[in-house]
Amino acid sequence: MAQLLNRLRAEERIGGVEFWHSPERCGWLTKQGEYIKTWRRRWFILKQGKIFWFKSQEVGPTSIPRGVIDVHRCLSIKGAEDVINKQHAFELSTYSETMFFIADSDKEKEEWISSVGRAIVRQSKSMTDDYGSY
């Protein structure tokens, strides 16, 4: 029963996105935990306005993400080396929280910032297209 409930919760967060193939961007990042502030290496996938993360890069249709971020909730993404005192760090801010990530290189960091930044712009453009300008 608990497995079924976990699967239903995951499917709700996934929103029908087939994250296991043709991602816009994917790769290893180190992410700070939400509750226990330890750093853990996770496999991240950006696809269709959602960022998914997993313990392993072996991802398929039956994989359940460890977490999902809806890009439409994101306000900004920017470098954060000075904020957390770690090389190749960046932060992603939503209305309710700021999450920190560490890439393996400066190039990887810049590619993630660029990819997620473009996704944020696409999502905000699609919102204004759907609802008109204010």
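Structural remarks
- If you go through the stretch 34-69 and keep only what is hydroxyl-bearing (S, T, Y) and in contact (Cβ under 8 Å) with a residue 12 or more places away in the chain, you end up with S56, S63.
- For the stretch 116-125, a residue qualifies if it is out of contact with any strand residue (DSSP E or B) (no Cβ under 7 Å at 6 or more places or on another chain) and either aliphatic (A, V, I, L, M) or outside any helix (DSSP H, G or I) (or both), and exactly one does: V121.
- With respect to (1) at pLDDT 90 or above; (2) outside any strand (DSSP E or B); (3) within 16 Å of the chain's Cα centre (by Cα); (4) not hydroxyl-bearing (S, T, Y), the lone exception for V68 is condition (2).
- Residues satisfying the stated conditions in the stretch 50-74, i.e. among the polar types (S, T, N, Q) and over 26 Å from R118 (Cβ atoms): S56, T62
- T62 being open to solvent by 40 Å² or more (accessible area, probe 1.4 Å) and either among the hydrophobic types (A, V, I, L, M, F, W, C) or closer than 17 Å to P23 by Cα (or both): yes
Results for (1) more than 18 Å from I14 (Cα to Cα); (2) not acidic (D, E); (3) not in a loop (DSSP other than H, G, I, E, B), shown as yes or no for each residue.
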site	(1), (2), (3)
K37	yes, yes, no
E58	no, no, no
P61	no, yes, no
E110	yes, no, yes
S114	yes, yes, yes
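- Single residue of the stretch 71-100 satisfying the filter (of a type in the set (D, E, K, R) and in a strand (DSSP E or B)) that is least open to solvent (accessible area, probe 1.4 Å): E91
The values are calculated or read from the model by the stated rules, or taken from the named source; none is laboratory data. In this text the structure is predicted, and so the values were computed from the model without any measurement. Counting neighbours? That spans all protein chains shown, and the Cβs are built from the backbone with ideal geometry, glycine included. Note: accessible area is taken over every heavy atom of the protein model, side chains too, but ligands, DNA and RNA are not part of it. Shrake-Rupley method; radii C 1.70, N 1.55, O 1.52, S 1.80 Å.
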